[in-house]
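Before any comments, here is the structure.
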Amino acid sequence: MSRADVRGLARLARPREGERARLALSVALAAGAAGAAIALLATSGYLISRAAQRPQILALMVAIVAVRGFGIARAGLRYAERLSSHDLALRRLARLRLSFFRALAPRVPGALGSRSGELLSRFVADVDTLRDLYPRVVIPALLAVVVIAGAAAAAWVMLPDAGLAVLAALALAALVLPWLSATVSARAARRQAPARAQLTSELVEDIDGALELTLAGRAEERVERLRTADARLARIGRGDAMASAVAAGAGQVLAGAGVLALLAVAIPAVHAGTLSPVLLAALVFLLLGAYESVLPLSAAARSARMCATAGTRLGEITHAPPAVADPPSPRALTGTGELRVEGVGFGYEPEQPWVLKDVGLRLAPGERVALVGPSGAGKSTLAELLVRFHDPLAGRVSLDGVDLRELTQAQIREAIVLCAQDCHVFNTSIRENLLLARREAGEREIAGALAAVELQEWVAGLPHGLDTLVGQDGELVSGGQRTRIALARALLADARFLILDEPTAHLDPELARRVMRRLPSVCGDRGLLVITHDADALEGFDRILSV
Amino acid sequence: MDRRLLGESRAARTHLILAGGLGVVSAVLIVAQAALLAYVIDRAAMHHATLASLRPQLIALAAVLGACALSGAGFELSGRLGALRVMSELRGRLVSRLLVESPEARAGRGRTGELAGTAVQGVDALEDYFAGYLPQLVLAAAVPLAVIGWVLTLDPLAAVILALTVPVLIVFMVLIGKGARAQARGRWRALGLLGAHFLDVVQGLATLRAYGRERAQERTLGEVGERYRAETMATLRIAFLSALVLELCAMIGTALVAATIGVQLVDGALGLRAGLTVLLLAPELYAPLRAVGQQFHASADASTASELIFAALDAPMGLAPATRAHAPAHPHSHARESAETGYEPADPASARIRFEGVSYEYPQREGRVLEDVSLELLPGRTVALVGPSGAGKSTLARLLMRLADPSDGRITCAGVDLRELELGRWRSRIAWVPQRPTLFAGSVAENIALYSPDASRPEIRWAAAAANASELIDALPAGLDTPVGEGARRLSAGQAQRVALARAFLADRPLLIMDEPTAHLDDGSVATVIEAIARLARGRTTLLIAHEPLLADMAEEVYLVEDGRLERAPGAVSAGVAAGALGGVAP
């Protein structure tokens, strides 16, 4: 882990309001459980050493009861600790999701660029990874500190030199083992990640093109290539297995050395009479028990590294400057003017040629305009400029004569709605998906929007009608139905201007034509801009422009 | 499922046996370590021994501790190496299944990522099972046996107590595990939904913003988070009970043993050394059992991952391999028996291909996709199939490429059933142009030469020119040598389609199958692509699946496929179709 990673991790680990008490409780419970386990062992050691001196059985009763008590206490405390730390982790997860969502919102889709789908999936996975930060990293680390201090102090009371030996042995293990394990796993990840990525990307294209490869008679050759890539991954894996075996052995060596060191200090003390003979076994058991809380630090270090990587990646997204920001003092809208594009130019990357150059466009309320052009001509980019997902690099976009940059995003959304090409359908009911555009829409309006996209019969035929769930990413409905749900949603919106980007993608040509012909008539007094690559079906539009 | 997963460990038998052996060695060393430590403490505490007098025992203890570390490392290493071997083996099988035995047109279906994920991350998820869980099972069997065996020689009563706790422990583990699992299954499904909510919302963020609803979503996110927490905690309260019972068992076992030993020590029935040994060994007895419990998730994860892997391995192939060995029903002059697997196929350039009453239904799925279809492809002529998507057009093409065999009826070339032809030779007569051709990582030239890797530069240039692709290739930064495909330049759909057509020109195969080759093209490129397709189809037997009326126009015959049935297309499809159909030959 780099220093920046550690700093980032420390920032992420800082408990928020209300979490401090829960964290303290979790650590206290964990320490109680560990303490009970150690006390159980140490008391047992004392118990049988004392018993070996053959005292009255009554003299042992306290120790016998204590041993049982510690045993039950440990199990109970451990149970409570697990519940409390998971509760804390889940509370933090909810908070992390919310705060990262807030940070992400102004950066989508403007600031993420072309790989946004992949970035967003990773974003979600990374936020979920951070859930482990408390139960797997912070709590074990704090616990180890408490246990080391407690064990050393207890040993100190019995014999000061033994206290030092216990402290040294445990501290050494607590420092060396996590370092070793983090180094080994970082090395493995560094070496394996590129090999794994290469295997995946070769595999993706080979699976994609399996039929082409087979007909070309080259499938076997490709399989051979994949085997080679896999063998490389396995070879690296073998090296890393060796390293992790060494790390595992090192843990046992350190624990063994600690016990020997303690014996070397304690046996002469027994001989010299400074340590009661009945405490020798207790001391050894104390150390053995304490290792139980220190050895898991290896796993904690690996989790810490994963959390740090996730945190760093999240930071890259949430610290990217948002594409647009609201002005400090927004201007008011008249609510009657045009949407206008004047001399607009835009490019995503500074060194790349611009996608749009000197583009002009006018859309008045009640007007129907179609924008036609081949894919890659910047039509979708223009659509995003119209709702201010980006700001143009040259020229201006204005509403009622006011530059969009002088309006809040809420003002713009209220006036202009964009139905993008890859519009998302949420994993909820059809009704909820539609109402996203306008919460207060009534049954008749919903029916009208569905009729415009020829979905009303399909919906009526569903067992749960409008309340049918569409599944994750709309997987329970077909691609064409998904497109039409998104389109119906846009038609339901109560905005003055409607921008539809490829509204009939994924539809059968006939259906696409019918829907497209219907669009101009269902928009009422709204201004409609339809963006399409297919100029065939455009009827009833006031103007047809091309890019 | 688990039994099959266990069966996969064959590939790593040596490693697993080695791991098992080292597990047994570790068990013995653990006992030796406890015995030596107890001896040292006993001598020092009860007999005032000095460090010097204990030197041999301390050295022996150090040696045993070292050996224990070594065998532990070896145990870990052999487990991991074995896991790697199993993983490579499985991945290899998966790859050859996907690429060789059951190649399908998966491009753009969204399944590719899932399959690749199964083959890479899915197989990786098995590592913990083979490297951790399986060897740990050996340890969980060996260590308790060794411990109880040794304690038996020291203190039979303690041994009995320990021996009694182990089955109780295991029974509880199983019982609670089962109960909790049954109870939790329904709940986990609900949790999965709640967990997926965040992904859904993040992926739909652009849409939320388009409607200005991202603020409103924050509240929902908070509510869902709270519900997720509450429901998860309810599940965990039960799930953690199993751990609680396990630890109680282990703790009570240890405490009972300590108390019994104490009493026996007071009675003088037992020495301190024996007592200490037993006490040191008691936790060691439970440690591997607890570790198995902790690694149980590895087994659960592996079983989820392996479900996907085995599903991919077991996906029905549609081809019945046995039929390849059939004796020819129609001995024919064109058919010569090839050495091994079937007959040398006749050349579609001169022989006709017939679908004779062909029906098809997917294995394990109700309903026929094709119903009694008869069709004839004449040498050098083009047949177009039109009709709504899902009607069975692509299935006809799949059958012709022998990705599947008809459920009923047969397909013949020169009168010989395709099933009797040698599969590789038959496929080597076919060039295929799909909706979305795959561009492989490499240069444009390499992509054009996919079917004919030995083609010369001029030949490649000729093919590119024939496919109307010269201009676009010249416009690329390095011309034919421009890298394309994954991680390199992305060509537009129209450009990729022309590269695919160049591929087919260079392949120069007598039978051409095209599946909606213009479906994803812009208006601008459709015309040039159709022109190249017409040139390509000239003189080749061509089966053309077409959406585009312009494309269907170039066929000599057009058929409408609807609900798995084939009929001669009505003139209404387009004027050109009707004209073309007049020249057709009755099927």
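Helix-derived [θ] at 222 nm for chain B: sum -39500 (n - 2.57) over DSSP H runs of at least 4, divide by residue count, nearest 500?
Using -39500 (n - 2.57) per qualifying helix, the result is -19500 deg cm²/dmol.
Taking Rh as the Kirkwood radius computed over C-alpha pairs, what is the Stokes-Einstein D of the stretch B:420-495 at 37 °C in a medium of viscosity 0.692 mPa s, expressed in µm² per second?
Values: Rh = 13.6 Å.
My calculation gives 241 µm²/s for D.
Tell me the net charge near A:Ala63. Cut-off is 15 Å between Cβ atoms, A:Ala63 excluded, with +1 for each Lys or Arg and -1 for each Asp or Glu. Let's see the in-between values first.
Details: positive: A:Arg50, A:Arg54, A:Arg68; negative: none.
That works out to +3.
For A:Ala394, what residues show an amide H to amide H distance below 5 Å, using hydrogens built from the backbone and excluding near sequence neighbours?
A:Gly345
Sort largest first and round to whole Å: the equivalent ellipsoid semi-axes of the stretch B:2-314, each the square root of five times a Cα gyration tensor eigenvalue. List each step's numbers first, then the result.
Numbers: eigenvalues 472, 146, 58 Å².
Output for the stretch B:2-314: semi-axes of 49, 27, 17 Å.
For the stretch A:241-396, what does the alpha-carbon gyration tensor say about shape, rounded, prolate or oblate, given a ≥ b ≥ c as the root eigenvalues, a/c under 1.5 as rounded, and a/b over b/c as prolate? Could the numbers behind the result be given before it?
Working: a/c = 6.37, a/b = 3.98, b/c = 1.60.
Prolate, since a/c reaches 1.5 and a/b exceeds b/c.
HN-Hα J couplings of the stretch B:353-360 from phi, Karplus 6.51/-1.76/1.60, θ = phi - 60°, integer Hz, Gly and Pro as x?
Per residue, the Karplus-derived 3J(HN,Hα) values read 10, 10, 8, 10, x, 7, 10, 8 Hz.
Run the numbers on the stretch B:337-473 and let me know its relative contact order in percent, using alpha-carbon pairs under 8 Å that are six or more apart.
Values: 158 pairs, mean separation 35.1, N = 137.
Relative CO of the stretch B:337-473 lands at 26 percent.
Each label point is 7 Å from the Cα along the Cα-to-Cβ direction; what then is the distance between the points at A:Glu220 and B:His47, in nm?
It works out to 7.4 nm between the two label points.
Report the paramagnetic label zone for B:Ala62: residues of the stretch A:256-280 whose backbone N is under 12 Å from a point 7 Å from Cα along the Cα-to-Cβ axis.
Backbone N within reach: A:257-258, A:260-261, A:264.
For the stretch A:339-546, max minus min Cα coordinate along each principal axis, in Å, sorted largest first?
Cα spread of the stretch A:339-546 along its principal axes, largest to smallest: 52, 35, 34 Å.
Output wanted: per-residue J couplings in Hz (rounded whole) for the stretch A:486-499, from phi through Karplus 6.51 cos²θ - 1.76 cosθ + 1.60, θ = phi - 60°, x for Gly and Pro.
4, 5, 4, 4, 5, 5, 6, 5, 9, 10, 7, 10, 10, 10
On the first, second and third principal axes, largest extent first, how far apart are the outermost C-alpha atoms of the protein assembly as shown in Å?
Taking max minus min along each principal axis of the Cα atoms, the protein assembly as shown gives 114, 86, 56 Å.
If you add up the charges near A:Val369, with Lys and Arg at +1 and Asp and Glu at -1, over every other residue whose beta carbon is less than 13 angstrom from its beta carbon, what do you get?
Working: positive: A:Arg340, A:Arg362, A:Arg368, A:Lys379, A:Arg526, A:Arg543; negative: A:Glu338, A:Glu367, A:Asp542.
Within the 13 Å Cβ shell, the charges total +3.
Once you have a ≥ b ≥ c as the square roots of the Cα gyration tensor eigenvalues for chain B, tell me rounded if a/c is under 1.5, and otherwise prolate or oblate according to whether a/b is larger than b/c.
On the way: a/c = 2.85, a/b = 2.48, b/c = 1.15.
Because a/c hits 1.5 or more and a/b exceeds b/c, chain B counts as prolate.
With each run of n ≥ 4 DSSP H residues scored as -39500 (n - 2.57), what mean residue ellipticity at 222 nm is computed for chain A after dividing by its residue count and rounding to the nearest 500 deg cm²/dmol? Can you show the working numbers first?
Working: 17 runs with 337 residues, N = 547.
Calculated at 222 nm, the ellipticity per residue is -21000 deg cm²/dmol.
Only the coordinates and a few stated rules stand behind these numbers; no lab work does. None of these values were measured; they are calculated from a predicted model. Cβ sites come from the backbone with ideal geometry, for glycine too, and all protein chains shown count toward neighbours.
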